[in-house]
Every structure is written in C-alpha cells, then in structure tokens.
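A.B. asks: Below you will find the structure I want to go over with you.
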Amino acid sequence: SGVERLGDMIAEAKAIVPFTGAGISTECGIPDFRSPGGLWTRNRPIPFDEFVASQDARDESWRRRFAMDETFAAAKPGRGHRALASLYRAGKVPAVITQNIDNLHQASGFAAGHVIELHGNTTYARCIGCGQTYQLDWVKRRFDQDGAAPDCTACDEPVKTATISFGQAMPDGEMQRATELSQRCDLFIAIGSSLVVWPAAGFPMMAKNAGARLVIINREPTEQDDIADLVIRHDIGETLGPFVGN
Ligand code: OAD
Ligand code: ZN
C-alpha cells in the first residue's frame, strides 16, 4: 500500500524535508483555504496593497483575525505534526518548510530556526514599516479602545499580523533556507497543500529536479501529482499516525 511504500522511503532516506500546507492542521480545528468551508470560500483574501492603502481593509483584516482567536488558541499539534516532530528528533528531518501560519510545528517540538515559515506567522504582529513586533493582545486592546486597527508607536506605519499577504514580498531568509533544504534532501514530502500558490509551490519540483524522491500526501488531487514518485490521496492524520514515535 501507499503507507508501506512511504515507510520504506522514510527508512531509506537520510534527509527528509516535509513541506506542509493547511491540510495538516484541519484535524486541529483550523480550516484550510480551498476546501468546501475553507477560508477563501467564505472571505475574499485582502491583498497587501489594499491593507496598506485602506484603514477599512486593515480594520476588516483585524476583525477576521480576532474572530479566529479561539480557534488558534485551542489548536494543538495533530498526528501529522507529531509524526514530523518524531522524525525531526530522530535526526531524519533537518527542518520543515511550511506555508502555515499557525505555529503548530513549533508547538510539536521543532526548535526555532527549524521551521521555515514561507508565509509568516499569525500568532504575533509586526509593523510593515520598521518591523517592530507586537503582541496580539496589544493590537486587540488598541483596536477596542480606538475602534480601528492601530499604527506602529515607533513609525506610524500599519501593524499587521506577521503573515505574508498576496502581493507582499516573500521573506528572503526563508526563501533561501527553503531552497537549500529542497536541493539537499533525498526525500521531499508535500503534505496537505493544493500546491497552487507560488513561489511556495515551486519547492516540490525544485527538490525533484535536484534528485530527491517526491511524495505528495493530500486527500484531493494536486497540481503536481504527475511529477511525484508516490501520491497518497488519503487523510493526513491516518497516513502519518503510524510514524508518531517518541
Ligand atoms: P489549500 O486550502 O489550498 O489546500 C489544502 C489541501 O489540503 C486541500 O487540497 C485539501 O484537500 C487538503 N486537506 C485538508 N485536510 C486534509 C486532511 N485531513 N487530510 C488530507 N488532505 C487534507 O491550502 P494551502 O495549499 O496550504 O497563503 O494554501 C496555500 C496558501 O494559500 C496558504 O499558505 C495561504 C493561502 O492563500 C497566503 O495567504 C499567502
Ligand atoms: Zn514601525
């Protein structure tokens, strides 16, 4: 079966790079983007240039984020996260590349610096001008006091979740680390991503072209199934559950 083949490939590999999308966190209660009921089926994404240009867009963006507070606070690592953390502790996985912003790889035991966050992190905020970071509690207090999304106390530019929006520049350091990891691994496993958002979606192909085996685990077909060595079209928790170790 697919899971047995995956087990063999994991056993044979020396450097496994997992690449995760929202599908690994759905069993943790966090909705994905493009499935029925996903975030982009309910709300249009707010592009970065709109966030910068419009106070209304910033207010709407923060209202949406506050509405997710309890979801993010309640979320615990799932079987997928825990399986990857086990492989990390076993020395098989040098780091995880993720498109997710939910901090659950860190919560599962990956050390800081071993989670490459291509699309940032929604558990804290950052000034888009000077980069000053802020706790979400501070933003919430200011929002409730002023009835509007706050600006940076240092430079007056807007404060945004520390995530990457459409139209916003990708983080250089993360792109570079992800490139190195993709080119140096011998097994690359794309997990729970529709693989439609670029440049993130370029890493599976980059790994494959550099000689790694490519596995795709996703319950729906993805854009890149045809270049994979193994496609497991099945639930992630069930597929990776057997790899949860110590
Ligand atoms: P998507 O919502 O596009 O894809 C998630 C995939 O996971 C879907 O194909 C689901 O079928 C699958 N899936 C969900 N739960 C699953 C489960 N339990 N088992 C197996 N498969 C499951 O999410 P991403 O690919 O992560 O970026 O989206 C990529 C980017 O688009 C995000 O990082 C975000 C979004 O816009 C930005 O906002 C910049
Ligand atoms: Zn600032």
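A.B. asks: Tell me, which residue of region 184-242 that is among the hydroxyl-bearing types (Ser, Thr, Tyr) and in contact (Cβ under 8 Å) with a residue 40 or more places away in the chain is farthest from ligand 2 (Cβ to nearest atom)?
C.D. replies: Filtering region 184-242 for residues that are among the hydroxyl-bearing types (Ser, Thr, Tyr) and in contact (Cβ under 8 Å) with a residue 40 or more places away in the chain, the one farthest from ligand 2 (Cβ to nearest atom) comes out as THR239.
A.B. asks: Continuing with the same structure: Out of ALA111, ALA125, ALA85, ALA95, I need the residue that is within 30 Å of ASP8 (Cβ to Cβ), free of Cβ contacts under 8 Å to residues at least 40 places away in the same chain and crowded, with 18+ Cβ neighbours inside 10 Å. Which one?
C.D. replies: On the way: ALA111 fails: crowded, with 18+ Cβ neighbours inside 10 Å; ALA125 fails: within 30 Å of ASP8 (Cβ to Cβ); ALA95 fails: free of Cβ contacts under 8 Å to residues at least 40 places away in the same chain.
Among ALA111, ALA125, ALA85, ALA95, only ALA85 is within 30 Å of ASP8 (Cβ to Cβ), free of Cβ contacts under 8 Å to residues at least 40 places away in the same chain and crowded, with 18+ Cβ neighbours inside 10 Å.
A.B. asks: SER182 fails exactly one of the following numbered conditions: (1) over 21 Å from ILE30 (Cβ atoms); (2) surrounded by fewer than 20 Cβ atoms within 10 Å (Cβ to Cβ). What is the number of that condition?
C.D. replies: Evaluating SER182 over (1) over 21 Å from ILE30 (Cβ atoms); (2) surrounded by fewer than 20 Cβ atoms within 10 Å (Cβ to Cβ) leaves (2) as the failure.
A.B. asks: Regarding ALA154, is this residue over 16 Å from the mean Cα position of the chain (by Cα) and within 25 Å of GLU220 (Cβ to Cβ)? Don't jump to the end; show me each part of the working.
C.D. replies: On the way: over 16 Å from the mean Cα position of the chain (by Cα): yes; within 25 Å of GLU220 (Cβ to Cβ): no.
For ALA154, the condition - over 16 Å from the mean Cα position of the chain (by Cα) and within 25 Å of GLU220 (Cβ to Cβ) - is not met.
A.B. asks: Would you say ALA162 is within 16 Å of ligand 1 (Cβ to nearest atom), touching a helix residue (DSSP H, G or I) at 6+ places or on another chain (Cβ under 6 Å) and modelled with pLDDT of 95 or more?
C.D. replies: Numbers: within 16 Å of ligand 1 (Cβ to nearest atom): yes; touching a helix residue (DSSP H, G or I) at 6+ places or on another chain (Cβ under 6 Å): no; modelled with pLDDT of 95 or more: yes.
So ALA162 fails the test.
A.B. asks: Also, quick follow-up: Of everything in region 131-182, what is out of contact with any strand residue (DSSP E or B) (no Cβ under 7 Å at 6 or more places or on another chain) and basic (Lys, Arg)? Give them in sequence order.
C.D. replies: Matches in region 131-182: LYS140, ARG141, ARG142.
A.B. asks: May I ask you to list the residues in region 20-48 that are free of Cβ contacts under 8 Å to residues at least 60 places away in the same chain, over 18 Å from ILE191 (Cβ atoms) and either part of a loop (DSSP other than H, G, I, E, B) or within 16 Å of ligand 2 (Cβ to nearest atom) (or both)?
C.D. replies: PRO36, GLY37, ASN43, ARG44, listed by residue number.
A.B. asks: In addition: Quickly run through region 77-112 and pick out the residues that are at pLDDT 95 or above, within 15 Å of the chain's Cα centre (by Cα) and assigned to a loop (DSSP other than H, G, I, E, B).
C.D. replies: Correct list: PRO77, GLY78, ALA95, GLN99, ASN100, ILE101, ASP102, ASN103, PHE110.
A.B. asks: Given the options GLY120, GLY80, GLY167, name the one that is within 12 Å of ligand 1 (Cβ to nearest atom), within 29 Å of VAL3 (Cα to Cα) and either touching a residue at least 40 places away in the same chain (Cβ under 8 Å) or buried (at least 16 other Cβ atoms within 10 Å of the Cβ) (or both). Quick ask: steps written out before the conclusion?
C.D. replies: Numbers: GLY120 fails: within 29 Å of VAL3 (Cα to Cα); GLY167 fails: within 29 Å of VAL3 (Cα to Cα).
Exactly one of GLY120, GLY80, GLY167 is within 12 Å of ligand 1 (Cβ to nearest atom), within 29 Å of VAL3 (Cα to Cα) and either touching a residue at least 40 places away in the same chain (Cβ under 8 Å) or buried (at least 16 other Cβ atoms within 10 Å of the Cβ) (or both), namely GLY80.
A.B. asks: Checking LEU6 against (1) over 22 Å from GLU223 (Cβ atoms); (2) part of a helix (DSSP H, G or I), which single condition isn't satisfied?
C.D. replies: Checking LEU6 against (1) over 22 Å from GLU223 (Cβ atoms); (2) part of a helix (DSSP H, G or I), the one that fails is (1).
A.B. asks: Filter region 174-226 down to residues that are within 11 Å of ligand 1 (Cβ to nearest atom) and hydrophobic (A, V, I, L, M, F, W, C), then give me how many there are.
C.D. replies: 10
The values are calculated or read from the model by the stated rules, or taken from the named source; none is laboratory data. Because the structure is predicted, anything quoted here is derived from the model rather than measured. Here Cβ is always computed from backbone atoms with ideal geometry, including for glycine, and neighbour counts include all displayed protein chains.
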